[in-house]
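Written out below as C-alpha coordinates is the structure these notes cover.
The values are calculated or read from the model by the stated rules, or taken from the named source; none is laboratory data. In this text the structure is predicted, and so the values were computed from the model without any measurement. Quick reminder, even Gly has a Cβ in these numbers, built from the backbone with ideal geometry, and neighbours come from all protein chains shown. Remember, those area values only see protein heavy atoms, side chains included, never the ligands or the DNA or RNA. Shrake-Rupley method; radii C 1.70, N 1.55, O 1.52, S 1.80 Å.
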Amino acid sequence: MDKLPRPVRILLGVSGGIAAYKSPDLVRRLRERGAEVQVVMTAGAARFITALTLQAVSGQPVRDALWDEAAEAAMGHIELARWADAVLVAPATADFLARLAHGHADDLLSTLCLATSAPLFVAPAMNHQMWANPATASNMALLKDRGVTILGPGEGDQACGETGPGRMLEPDQLAELTLSRLSAERVLSGQRVVVSAGPTREHLDPVRFISNRSSGKMGYAVAQAARDAGATVILVSGPVGIDPPAGVEFVAVESAQQMYDAVHRALVAADIYIGAAAVADYQAPAVAAQKIKKSAEKMQLELVGAPDILVSVAALTSGRPFVVGFAAETENVEENARAKLTRKRVDMIAANRVGDGLAFDCDDNSLLVLWAGGREEIASCGKPELARRLVALIAKVRGSRRRTGAVAAVHG
Ligand code: C5P
(Lines give C-alpha, C1' and ligand atoms only; values in the text may rest on other atoms or scores of the structure.)
Protein backbone atom coordinates (compact mmCIF):
# COMPACT_ATOMS: atom_id res chain seq x y z
CA MET A 1 0.00 0.00 0.00
CA ASP A 2 1.25 3.50 -0.71
CA LYS A 3 1.98 5.27 2.51
CA LEU A 4 -1.34 6.77 3.48
CA PRO A 5 -1.07 9.11 6.46
CA ARG A 6 -3.39 6.65 8.23
CA PRO A 7 -4.13 2.92 8.07
CA VAL A 8 -6.06 1.66 5.04
CA ARG A 9 -9.76 1.35 5.88
CA ILE A 10 -11.57 -1.81 4.93
CA LEU A 11 -15.30 -2.11 5.27
CA LEU A 12 -15.85 -5.85 5.58
CA GLY A 13 -19.34 -7.02 4.60
CA VAL A 14 -20.37 -10.43 5.88
CA SER A 15 -23.37 -12.05 4.22
CA GLY A 16 -25.21 -15.18 5.29
CA GLY A 17 -23.23 -18.20 4.22
CA ILE A 18 -21.56 -20.92 6.26
CA ALA A 19 -18.15 -19.47 5.32
CA ALA A 20 -19.03 -16.59 7.68
CA TYR A 21 -17.41 -18.70 10.40
CA LYS A 22 -14.08 -17.67 8.79
CA SER A 23 -14.86 -13.93 8.95
CA PRO A 24 -13.28 -13.30 12.38
CA ASP A 25 -10.06 -14.82 11.05
CA LEU A 26 -10.29 -12.58 7.96
CA VAL A 27 -10.63 -9.53 10.22
CA ARG A 28 -7.49 -10.59 12.07
CA ARG A 29 -5.54 -11.22 8.85
CA LEU A 30 -6.50 -7.76 7.56
CA ARG A 31 -5.63 -6.08 10.84
CA GLU A 32 -2.28 -7.80 11.16
CA ARG A 33 -1.42 -6.27 7.75
CA GLY A 34 -2.16 -2.82 9.19
CA ALA A 35 -5.74 -2.31 8.01
CA GLU A 36 -8.50 -0.74 10.05
CA VAL A 37 -11.61 -2.90 9.73
CA GLN A 38 -15.25 -2.00 10.21
CA VAL A 39 -17.64 -4.95 9.94
CA VAL A 40 -21.17 -4.77 8.55
CA MET A 41 -23.20 -7.96 8.59
CA THR A 42 -26.47 -8.96 6.98
CA ALA A 43 -29.38 -10.54 8.87
CA GLY A 44 -28.41 -13.88 7.30
CA ALA A 45 -24.83 -13.58 8.54
CA ALA A 46 -26.11 -13.16 12.09
CA ARG A 47 -27.47 -16.73 11.88
CA PHE A 48 -23.93 -18.06 11.42
CA ILE A 49 -21.78 -15.77 13.54
CA THR A 50 -22.36 -13.33 16.34
CA ALA A 51 -21.77 -9.61 16.15
CA LEU A 52 -19.97 -9.88 19.47
CA THR A 53 -17.24 -12.12 17.99
CA LEU A 54 -16.69 -9.75 15.07
CA GLN A 55 -16.71 -6.76 17.41
CA ALA A 56 -14.08 -8.37 19.61
CA VAL A 57 -11.69 -9.06 16.73
CA SER A 58 -12.27 -5.79 14.83
CA GLY A 59 -12.21 -3.57 17.88
CA GLN A 60 -15.18 -1.65 16.45
CA PRO A 61 -18.92 -1.92 17.00
CA VAL A 62 -20.45 -4.11 14.30
CA ARG A 63 -23.21 -2.59 12.17
CA ASP A 64 -26.11 -4.68 10.96
CA ALA A 65 -29.14 -2.45 10.55
CA LEU A 66 -30.02 0.36 8.21
CA TRP A 67 -32.56 1.77 10.63
CA ASP A 68 -30.44 1.82 13.77
CA GLU A 69 -30.90 5.34 15.17
CA ALA A 70 -28.03 5.20 17.66
CA ALA A 71 -25.54 3.84 15.12
CA GLU A 72 -26.70 6.32 12.47
CA ALA A 73 -26.15 9.15 14.93
CA ALA A 74 -22.57 7.96 15.53
CA MET A 75 -21.66 7.39 11.86
CA GLY A 76 -24.43 7.58 9.25
CA HIS A 77 -24.44 4.99 6.50
CA ILE A 78 -23.35 7.50 3.84
CA GLU A 79 -20.48 8.57 6.08
CA LEU A 80 -19.56 4.91 6.48
CA ALA A 81 -19.63 4.47 2.69
CA ARG A 82 -17.24 7.44 2.37
CA TRP A 83 -15.03 6.25 5.23
CA ALA A 84 -13.99 3.09 3.38
CA ASP A 85 -10.92 2.89 1.13
CA ALA A 86 -12.33 -0.43 -0.07
CA VAL A 87 -15.35 -2.61 0.55
CA LEU A 88 -14.76 -6.36 0.78
CA VAL A 89 -17.77 -8.66 0.97
CA ALA A 90 -16.68 -12.07 2.27
CA PRO A 91 -18.46 -14.38 2.18
CA ALA A 92 -20.61 -13.05 -0.67
CA THR A 93 -23.60 -15.37 -1.10
CA ALA A 94 -25.41 -15.97 -4.39
CA ASP A 95 -28.33 -13.94 -3.07
CA PHE A 96 -26.15 -11.03 -1.98
CA LEU A 97 -24.34 -10.99 -5.35
CA ALA A 98 -27.70 -11.00 -7.17
CA ARG A 99 -28.90 -8.07 -5.08
CA LEU A 100 -25.63 -6.23 -5.66
CA ALA A 101 -25.83 -6.83 -9.41
CA HIS A 102 -29.34 -5.40 -9.50
CA GLY A 103 -28.69 -2.38 -7.33
CA HIS A 104 -30.83 -3.34 -4.32
CA ALA A 105 -30.55 -1.20 -1.22
CA ASP A 106 -32.85 -2.95 1.22
CA ASP A 107 -30.36 -3.53 4.01
CA LEU A 108 -27.30 -1.74 5.35
CA LEU A 109 -24.66 -3.72 3.42
CA SER A 110 -26.33 -3.47 0.00
CA THR A 111 -27.00 0.24 0.61
CA LEU A 112 -23.34 0.83 1.47
CA CYS A 113 -22.20 -1.01 -1.64
CA LEU A 114 -24.41 1.25 -3.71
CA ALA A 115 -23.43 4.43 -1.89
CA THR A 116 -19.66 3.98 -1.85
CA SER A 117 -17.30 5.13 -4.54
CA ALA A 118 -14.51 2.98 -3.11
CA PRO A 119 -13.35 -0.13 -4.98
CA LEU A 120 -15.53 -3.14 -4.32
CA PHE A 121 -14.17 -6.68 -3.77
CA VAL A 122 -16.35 -9.76 -3.41
CA ALA A 123 -15.42 -13.28 -2.32
CA PRO A 124 -18.19 -15.58 -3.57
CA ALA A 125 -19.05 -18.54 -1.37
CA MET A 126 -21.79 -20.99 -2.30
CA ASN A 127 -22.66 -24.50 -3.36
CA HIS A 128 -21.01 -25.39 -6.70
CA GLN A 129 -24.39 -25.85 -8.47
CA MET A 130 -25.44 -22.37 -7.37
CA TRP A 131 -22.12 -21.00 -8.65
CA ALA A 132 -22.60 -22.76 -12.01
CA ASN A 133 -26.19 -21.54 -12.40
CA PRO A 134 -26.54 -19.16 -15.41
CA ALA A 135 -28.28 -16.60 -13.19
CA THR A 136 -25.23 -16.42 -10.93
CA ALA A 137 -22.89 -16.46 -13.94
CA SER A 138 -24.63 -13.51 -15.55
CA ASN A 139 -24.71 -11.59 -12.25
CA MET A 140 -20.96 -12.16 -11.93
CA ALA A 141 -20.36 -10.99 -15.51
CA LEU A 142 -22.37 -7.84 -14.81
CA LEU A 143 -20.44 -7.09 -11.62
CA LYS A 144 -17.08 -7.74 -13.26
CA ASP A 145 -18.00 -5.45 -16.11
CA ARG A 146 -18.81 -2.70 -13.62
CA GLY A 147 -15.34 -2.96 -12.17
CA VAL A 148 -16.08 -5.14 -9.12
CA THR A 149 -13.08 -7.34 -8.29
CA ILE A 150 -14.05 -10.97 -7.83
CA LEU A 151 -11.77 -12.93 -5.53
CA GLY A 152 -12.17 -16.67 -6.08
CA PRO A 153 -14.08 -18.79 -5.47
CA GLY A 154 -11.79 -21.70 -4.72
CA GLU A 155 -12.47 -25.31 -5.54
CA GLY A 156 -12.67 -28.30 -3.22
CA ASP A 157 -14.76 -29.82 -0.44
CA GLN A 158 -17.83 -27.86 0.42
CA ALA A 159 -19.71 -27.58 3.69
CA CYS A 160 -22.68 -29.28 2.00
CA GLY A 161 -20.56 -32.40 1.50
CA GLU A 162 -20.14 -31.93 -2.24
CA THR A 163 -17.03 -30.96 -4.17
CA GLY A 164 -16.51 -28.23 -6.80
CA PRO A 165 -15.95 -24.51 -7.29
CA GLY A 166 -17.70 -22.29 -4.78
CA ARG A 167 -15.52 -22.31 -1.67
CA MET A 168 -14.61 -18.95 -0.24
CA LEU A 169 -10.87 -18.30 -0.54
CA GLU A 170 -8.95 -18.66 2.71
CA PRO A 171 -8.84 -15.54 4.95
CA ASP A 172 -5.09 -15.11 4.58
CA GLN A 173 -5.35 -15.21 0.79
CA LEU A 174 -8.28 -12.78 0.80
CA ALA A 175 -6.46 -10.29 3.01
CA GLU A 176 -3.34 -10.49 0.85
CA LEU A 177 -5.22 -10.19 -2.47
CA THR A 178 -7.36 -7.27 -1.32
CA LEU A 179 -4.56 -5.22 0.17
CA SER A 180 -2.06 -5.88 -2.61
CA ARG A 181 -4.69 -5.12 -5.27
CA LEU A 182 -5.50 -1.86 -3.48
CA SER A 183 -1.86 -0.92 -3.46
CA ALA A 184 -1.41 -1.89 -7.13
CA GLU A 185 -4.43 0.22 -7.97
CA ARG A 186 -3.04 3.33 -6.33
CA VAL A 187 -0.75 3.85 -9.29
CA LEU A 188 -1.26 7.64 -9.33
CA SER A 189 -0.79 8.23 -5.63
CA GLY A 190 0.20 11.84 -4.97
CA GLN A 191 -0.24 12.87 -8.64
CA ARG A 192 -2.34 15.80 -9.82
CA VAL A 193 -4.57 14.98 -12.76
CA VAL A 194 -6.77 17.30 -14.83
CA VAL A 195 -9.54 15.66 -16.86
CA SER A 196 -11.78 17.41 -19.37
CA ALA A 197 -15.10 15.76 -20.20
CA GLY A 198 -18.45 16.13 -21.90
CA PRO A 199 -19.43 18.27 -24.87
CA THR A 200 -19.03 21.99 -25.29
CA ARG A 201 -21.79 24.38 -26.32
CA GLU A 202 -20.98 27.07 -28.83
CA HIS A 203 -23.65 29.72 -28.55
CA LEU A 204 -24.95 31.46 -31.67
CA ASP A 205 -27.43 33.72 -29.93
CA PRO A 206 -29.18 33.80 -26.52
CA VAL A 207 -31.27 30.69 -27.31
CA ARG A 208 -29.30 28.60 -29.79
CA PHE A 209 -26.07 26.70 -29.63
CA ILE A 210 -24.11 24.03 -31.50
CA SER A 211 -23.12 20.97 -29.49
CA ASN A 212 -22.57 17.22 -29.83
CA ARG A 213 -23.70 13.89 -28.41
CA SER A 214 -20.99 13.39 -25.79
CA SER A 215 -22.57 12.13 -22.55
CA GLY A 216 -19.45 12.73 -20.43
CA LYS A 217 -19.58 9.12 -19.16
CA MET A 218 -16.10 8.24 -20.40
CA GLY A 219 -14.43 11.38 -19.00
CA TYR A 220 -16.27 11.06 -15.67
CA ALA A 221 -15.22 7.40 -15.44
CA VAL A 222 -11.61 8.44 -16.14
CA ALA A 223 -11.78 11.10 -13.40
CA GLN A 224 -13.15 8.52 -10.97
CA ALA A 225 -10.53 5.94 -11.93
CA ALA A 226 -7.74 8.52 -11.47
CA ARG A 227 -9.16 9.39 -8.04
CA ASP A 228 -9.32 5.69 -7.11
CA ALA A 229 -5.71 5.41 -8.26
CA GLY A 230 -4.80 7.93 -5.56
CA ALA A 231 -4.61 11.11 -7.66
CA THR A 232 -5.92 14.55 -6.79
CA VAL A 233 -8.32 15.19 -9.65
CA ILE A 234 -9.79 18.32 -11.20
CA LEU A 235 -12.64 17.57 -13.61
CA VAL A 236 -13.49 20.33 -16.09
CA SER A 237 -16.78 19.49 -17.73
CA GLY A 238 -19.19 20.74 -20.34
CA PRO A 239 -22.94 20.35 -19.68
CA VAL A 240 -23.93 16.70 -19.08
CA GLY A 241 -26.75 14.88 -17.33
CA ILE A 242 -24.64 12.91 -14.83
CA ASP A 243 -23.24 13.81 -11.42
CA PRO A 244 -19.50 14.32 -10.96
CA PRO A 245 -17.78 11.61 -8.92
CA ALA A 246 -17.36 12.38 -5.22
CA GLY A 247 -13.94 13.51 -4.11
CA VAL A 248 -12.90 15.33 -7.28
CA GLU A 249 -12.75 19.09 -7.73
CA PHE A 250 -15.37 20.03 -10.28
CA VAL A 251 -15.37 22.97 -12.69
CA ALA A 252 -18.45 23.43 -14.90
CA VAL A 253 -18.02 25.21 -18.23
CA GLU A 254 -19.99 25.60 -21.45
CA SER A 255 -17.94 26.76 -24.42
CA ALA A 256 -14.60 25.59 -25.83
CA GLN A 257 -13.07 28.92 -24.82
CA GLN A 258 -14.33 28.55 -21.23
CA MET A 259 -12.99 24.99 -21.16
CA TYR A 260 -9.64 26.20 -22.50
CA ASP A 261 -9.41 28.84 -19.75
CA ALA A 262 -10.52 26.47 -16.98
CA VAL A 263 -8.15 23.70 -18.09
CA HIS A 264 -5.15 26.04 -18.19
CA ARG A 265 -6.03 27.42 -14.74
CA ALA A 266 -6.36 23.87 -13.39
CA LEU A 267 -3.08 22.78 -14.94
CA VAL A 268 -0.91 24.63 -12.43
CA ALA A 269 1.39 21.96 -11.00
CA ALA A 270 -0.52 19.18 -12.77
CA ASP A 271 1.25 15.96 -13.67
CA ILE A 272 -1.19 14.56 -16.19
CA TYR A 273 -3.81 16.06 -18.52
CA ILE A 274 -6.46 13.75 -19.98
CA GLY A 275 -8.53 15.46 -22.68
CA ALA A 276 -11.66 13.31 -22.87
CA ALA A 277 -14.01 16.17 -23.77
CA ALA A 278 -15.63 16.38 -27.18
CA VAL A 279 -14.62 19.98 -27.74
CA ALA A 280 -16.17 21.91 -30.61
CA ASP A 281 -13.84 22.48 -33.54
CA TYR A 282 -15.71 25.61 -34.60
CA GLN A 283 -17.45 28.46 -32.83
CA ALA A 284 -19.42 31.53 -33.84
CA PRO A 285 -17.13 34.54 -34.40
CA ALA A 286 -19.39 36.42 -31.95
CA VAL A 287 -22.53 35.49 -30.06
CA ALA A 288 -25.45 37.58 -31.35
CA ALA A 289 -26.86 39.76 -28.57
CA GLN A 290 -30.45 39.17 -29.75
CA LYS A 291 -32.16 36.09 -31.11
CA ILE A 292 -31.32 35.72 -34.82
CA LYS A 293 -34.51 36.33 -36.82
CA LYS A 294 -35.74 34.14 -39.62
CA SER A 295 -35.42 36.39 -42.65
CA ALA A 296 -34.87 34.22 -45.73
CA GLU A 297 -35.38 30.68 -47.07
CA LYS A 298 -31.74 29.85 -46.57
CA MET A 299 -29.21 30.95 -44.05
CA GLN A 300 -25.49 30.51 -43.95
CA LEU A 301 -23.68 30.15 -40.71
CA GLU A 302 -20.17 31.47 -40.47
CA LEU A 303 -17.95 29.71 -37.96
CA VAL A 304 -14.35 30.19 -36.97
CA GLY A 305 -11.93 27.71 -35.42
CA ALA A 306 -12.25 27.07 -31.66
CA PRO A 307 -9.07 26.82 -29.60
CA ASP A 308 -7.61 23.30 -29.61
CA ILE A 309 -7.10 22.71 -25.91
CA LEU A 310 -5.16 19.49 -26.34
CA VAL A 311 -2.67 21.07 -28.75
CA SER A 312 -2.23 24.06 -26.46
CA VAL A 313 -1.48 21.87 -23.44
CA ALA A 314 0.92 19.67 -25.40
CA ALA A 315 2.73 22.80 -26.59
CA LEU A 316 3.40 24.16 -23.10
CA THR A 317 7.08 24.85 -22.71
CA SER A 318 7.14 24.96 -18.95
CA GLY A 319 5.16 22.82 -16.56
CA ARG A 320 4.03 20.57 -19.39
CA PRO A 321 2.10 17.57 -18.01
CA PHE A 322 1.92 14.11 -19.56
CA VAL A 323 -0.76 14.67 -22.20
CA VAL A 324 -3.42 12.12 -23.17
CA GLY A 325 -5.92 12.83 -25.94
CA PHE A 326 -8.92 10.94 -27.23
CA ALA A 327 -9.70 10.31 -30.86
CA ALA A 328 -13.21 9.43 -31.97
CA GLU A 329 -12.94 7.99 -35.45
CA THR A 330 -15.51 6.60 -37.88
CA GLU A 331 -12.95 4.86 -40.12
CA ASN A 332 -9.24 3.87 -40.28
CA VAL A 333 -9.07 4.19 -36.51
CA GLU A 334 -5.42 3.27 -36.00
CA GLU A 335 -4.05 5.24 -38.93
CA ASN A 336 -6.00 8.39 -38.07
CA ALA A 337 -5.24 8.13 -34.37
CA ARG A 338 -1.51 7.59 -34.98
CA ALA A 339 -1.52 10.69 -37.22
CA LYS A 340 -3.26 12.64 -34.44
CA LEU A 341 -0.67 11.52 -31.89
CA THR A 342 2.07 13.02 -34.03
CA ARG A 343 0.22 16.10 -35.27
CA LYS A 344 -0.99 17.15 -31.82
CA ARG A 345 2.34 16.21 -30.22
CA VAL A 346 0.64 14.41 -27.35
CA ASP A 347 2.08 11.53 -25.34
CA MET A 348 -0.80 9.15 -25.74
CA ILE A 349 -4.01 8.81 -27.75
CA ALA A 350 -6.98 6.68 -26.74
CA ALA A 351 -8.92 5.98 -29.90
CA ASN A 352 -12.32 4.50 -30.44
CA ARG A 353 -14.66 3.88 -33.31
CA VAL A 354 -17.81 6.02 -33.23
CA GLY A 355 -21.01 6.01 -35.27
CA ASP A 356 -23.59 3.19 -35.60
CA GLY A 357 -24.43 3.49 -31.91
CA LEU A 358 -20.80 3.00 -30.83
CA ALA A 359 -18.99 4.89 -28.06
CA PHE A 360 -21.07 8.07 -27.78
CA ASP A 361 -23.71 8.18 -25.09
CA CYS A 362 -23.52 4.46 -24.32
CA ASP A 363 -22.22 2.44 -21.39
CA ASP A 364 -19.72 0.15 -23.10
CA ASN A 365 -16.73 1.04 -25.20
CA SER A 366 -13.41 -0.33 -26.38
CA LEU A 367 -10.17 1.59 -26.87
CA LEU A 368 -7.04 1.39 -28.95
CA VAL A 369 -4.33 3.20 -27.02
CA LEU A 370 -1.29 4.46 -28.92
CA TRP A 371 1.93 6.12 -27.84
CA ALA A 372 5.34 6.59 -29.44
CA GLY A 373 6.61 3.06 -29.89
CA GLY A 374 3.63 1.27 -28.37
CA ARG A 375 0.01 0.23 -28.68
CA GLU A 376 -2.49 -1.64 -26.55
CA GLU A 377 -6.07 -2.65 -27.19
CA ILE A 378 -8.55 -2.55 -24.34
CA ALA A 379 -11.44 -4.85 -25.30
CA SER A 380 -15.05 -3.76 -24.98
CA CYS A 381 -16.26 -3.46 -21.39
CA GLY A 382 -18.12 -1.02 -19.17
CA LYS A 383 -16.70 2.50 -19.09
CA PRO A 384 -15.62 2.32 -15.38
CA GLU A 385 -13.53 -0.79 -16.06
CA LEU A 386 -12.23 0.68 -19.32
CA ALA A 387 -11.22 3.84 -17.46
CA ARG A 388 -9.47 1.83 -14.74
CA ARG A 389 -7.39 0.02 -17.35
CA LEU A 390 -6.63 3.23 -19.23
CA VAL A 391 -5.45 4.93 -16.03
CA ALA A 392 -3.23 1.92 -15.23
CA LEU A 393 -1.75 2.12 -18.72
CA ILE A 394 -1.15 5.89 -18.46
CA ALA A 395 0.70 5.34 -15.17
CA LYS A 396 2.77 2.54 -16.72
CA VAL A 397 3.78 4.40 -19.91
CA ARG A 398 4.43 7.64 -18.04
CA GLY A 399 6.48 5.75 -15.44
CA SER A 400 8.65 4.08 -18.05
CA ARG A 401 9.17 7.41 -19.87
CA ARG A 402 10.37 8.97 -16.66
CA ARG A 403 12.63 6.04 -15.86
CA THR A 404 14.26 6.13 -19.30
CA GLY A 405 14.50 9.93 -19.06
CA ALA A 406 12.72 10.42 -22.39
CA VAL A 407 11.52 13.97 -22.89
CA ALA A 408 7.81 14.51 -23.19
CA ALA A 409 7.83 15.89 -26.69
CA VAL A 410 9.22 12.89 -28.53
CA HIS A 411 7.42 13.51 -31.77
CA GLY A 412 8.47 15.30 -34.93
O1 C5P B 1 -8.95 16.43 -33.61
P2 C5P B 1 -9.94 15.78 -32.73
O3 C5P B 1 -11.08 16.68 -32.34
O4 C5P B 1 -10.42 14.44 -33.23
O5 C5P B 1 -9.11 15.44 -31.41
C6 C5P B 1 -9.72 14.92 -30.29
C7 C5P B 1 -8.91 15.25 -29.07
O8 C5P B 1 -8.58 16.63 -29.10
C9 C5P B 1 -9.67 15.02 -27.80
O10 C5P B 1 -8.74 14.68 -26.79
C11 C5P B 1 -10.27 16.40 -27.51
O12 C5P B 1 -10.51 16.58 -26.14
C13 C5P B 1 -9.21 17.33 -28.03
N14 C5P B 1 -9.70 18.59 -28.57
C15 C5P B 1 -9.44 19.76 -27.89
N16 C5P B 1 -9.86 20.96 -28.38
C17 C5P B 1 -10.53 21.03 -29.55
C18 C5P B 1 -10.82 19.85 -30.27
C19 C5P B 1 -10.38 18.65 -29.75
O20 C5P B 1 -8.82 19.69 -26.83
N21 C5P B 1 -10.95 22.21 -29.99
I'd like the full set of residues that are of a type in the set (Lys, Arg) and either under 26 Å from GLU202 (Cβ atoms) or more than 14 Å from the chain's Cα centre (by Cα) (or both), limited to the range 216-272.
LYS217, ARG265
Sort out which residues of the range 355-402 are modelled with pLDDT under 70 and either within 25 Å of SER312 (Cβ to Cβ) or open to solvent by 70 Å² or more (accessible area, probe 1.4 Å) (or both), and write them in order of number.
ASP356, LEU358, ALA359, PHE360, ASP361
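Given the criteria of a type in the set (Phe, Trp, Tyr), touching a residue at least 40 places away in the same chain (Cβ under 8 Å) and within 9 Å of the ligand (Cβ to nearest atom), does PHE322 qualify?
Working: of a type in the set (Phe, Trp, Tyr): yes; touching a residue at least 40 places away in the same chain (Cβ under 8 Å): yes; within 9 Å of the ligand (Cβ to nearest atom): no.
No: the conditions fail for PHE322.
So which of ALA280, ALA296, ALA289 is closer than 18 Å to THR200 by Cβ and either surrounded by fewer than 23 Cβ atoms within 10 Å (Cβ to Cβ) or within 8 Å of the ligand (Cβ to nearest atom) (or both)? Spell out how you get there, then give the answer.
Details: ALA296 fails: closer than 18 Å to THR200 by Cβ; ALA289 fails: closer than 18 Å to THR200 by Cβ.
Sole residue among the options that is closer than 18 Å to THR200 by Cβ and either surrounded by fewer than 23 Cβ atoms within 10 Å (Cβ to Cβ) or within 8 Å of the ligand (Cβ to nearest atom) (or both): ALA280.
Based on what the data block shows, is GLU331 in a loop (DSSP other than H, G, I, E, B) and charged (D, E, K, R)?
Details: in a loop (DSSP other than H, G, I, E, B): yes; charged (D, E, K, R): yes.
So GLU331 passes the test.
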Answer with yes or no whether ALA327 is farther than 17 Å from SER215 by Cα and within 15 Å of the ligand (Cβ to nearest atom).
no
Which of (1) near the ligand (Cβ under 8 Å from one of its atoms); (2) out of contact with any Asp or Glu (no Cβ under 8 Å at 6 or more places or on another chain) does LYS344 not meet, given it meets every other one?
(2)
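Of a type in the set (Phe, Trp, Tyr), crowded, with 19+ Cβ neighbours inside 10 Å and in contact with a Lys or Arg (Cβ under 8 Å, 6 or more places away or on another chain) - does that describe any residue in the range 314-322?
Narrowing the range 314-322 to residues of a type in the set (Phe, Trp, Tyr): 322.
Adding the requirement that they be crowded, with 19+ Cβ neighbours inside 10 Å leaves 322.
Among the residues that remain, those that are also in contact with a Lys or Arg (Cβ under 8 Å, 6 or more places away or on another chain) are: 322.
Yes, because at least one residue in the range 314-322 is of a type in the set (Phe, Trp, Tyr), crowded, with 19+ Cβ neighbours inside 10 Å and in contact with a Lys or Arg (Cβ under 8 Å, 6 or more places away or on another chain).
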Enumeration of residues in the range 241-277 that are away from the ligand (no atom under 11 Å from the Cβ) and in a strand (DSSP E or B):
GLU249, PHE250, VAL251, ALA252, ILE272
By residue number, the members of the range 188-230 that are among the aliphatic types (A, V, I, L, M) and over 19 Å from GLU385 (Cα atoms) are VAL194, LEU204, VAL207, ILE210
If LEU310 meets every condition in (1) buried (at least 20 other Cβ atoms within 10 Å of the Cβ); (2) modelled with pLDDT under 95 apart from one, which number is that one?
(2)
